[in-house]
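Each remark here refers to the structure printed beneath this line.
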Amino acid sequence: MIRPILAHPDPRLRQPSLPVERFDDTLRELVNDMFDTMHHAEGIGLAAVQIGVHLRVAVMEVEDNPQRVMINPRFEPLGEPMDMVEGCLSVPGVQDRTKTRLDHVRVQALDLHGKPYSFEARGLEAACVQHECDHLDGKLYLDCLSHLRRHRVLQRYNRLRRQENSQQGS
């Protein structure tokens, strides 16, 4: 089932998520809904908080890498900062260059059955891990930008929202 994605400045996006303790059908349904929602929005990653569920769950499908379900994820930095253009399904329509994502991380998480697993992510997949983990901590990619860049991105974002709202009102 496709669920609505929360959009900035919804305050729920800033609330840290709680660890998952129950691995049951409700969790499996949540993960299935997250993949449906992410694919519908043409994204590569989605954190549960983005659909209003404050549990430490994220899903990803980046390029040729396998589909990933990360429950209670943590990552260890292994690489160097990379320069990239970043966007977010919760801040639709705007992107900006960030330089704070590492190009290589080791991830530890639980699977849908509560079993620990780990993998190494590089490049865009590594950036996506960090982006989704930030969501679970109540952070947005906007927080990675300088004050000036964040201000400019938010100006563009607010202008887009006003245009969308005026078109819907017509």
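What follows draws every value from the coordinates through simple rules; no lab data is involved. Because the structure is a prediction, the values reported are computed rather than measured. Note: ideal-geometry Cβ built from the backbone for every residue, glycine included; neighbour counts use all protein chains shown.
The table for this structure:
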{"read-out": "Cα-centred dipole magnitude for the range 1-78, charges only on beta-carbon of K, R (+1) and D, E (-1), debye, nearest 20", "value": "380"}
{"read-out": "Distant-in-sequence amide H partners of residue 45 (H built 1.01 Å from N, under 5 Å)", "value": "61"}
{"read-out": "Under the Karplus curve 6.51 cos²θ - 1.76 cosθ + 1.60, θ = phi - 60°, whole-Hz ³J(HN,Hα) for the range 119-134, x wherever Gly or Pro sits", "value": "7, 9, 10, 10, x, 4, 5, 4, 4, 5, 4, 5, 4, 5, 5, 4"}
{"read-out": "Given [x] 26, 21, 13; [y] 20, 20, 16; [z] 25, 18, 16, the label whose value is semi-axes √(5λ) of the Cα gyration tensor in Å derived from this model", "value": "[x]"}
{"read-out": "Cα gyration tensor category, rounded, prolate or oblate, for the range 1-90 with a/c compared to 1.5", "value": "rounded"}
{"read-out": "Interchain or long-range residues, amide H under 5 Å from residue 112's placed H", "value": "none"}
{"read-out": "Derived scalar couplings ³J(HN,Hα) [the range 46-62; Karplus, 6.51 cos²θ - 1.76 cosθ + 1.60; whole Hz; x for Gly, Pro]", "value": "7, 9, 4, 4, 5, 10, x, 10, 8, 10, 7, 10, 9, 10, 8, 8, 10"}
{"read-out": "Rel. contact order, % - alpha carbon contacts under 8 angstrom, at least six apart, the range 12-162", "value": "25"}
{"read-out": "Cα gyration tensor shape of the range 91-152, rounded if a/c is under 1.5, else prolate or oblate by comparing a/b with b/c", "value": "prolate"}
{"read-out": "Under the Karplus curve 6.51 cos²θ - 1.76 cosθ + 1.60, θ = phi - 60°, whole-Hz ³J(HN,Hα) for the range 154-160, x wherever Gly or Pro sits", "value": "5, 4, 4, 4, 5, 5, 4"}
{"read-out": "Distance from the range 8-70 to the range 99-154 (C-alpha centre basis), Å", "value": "13"}
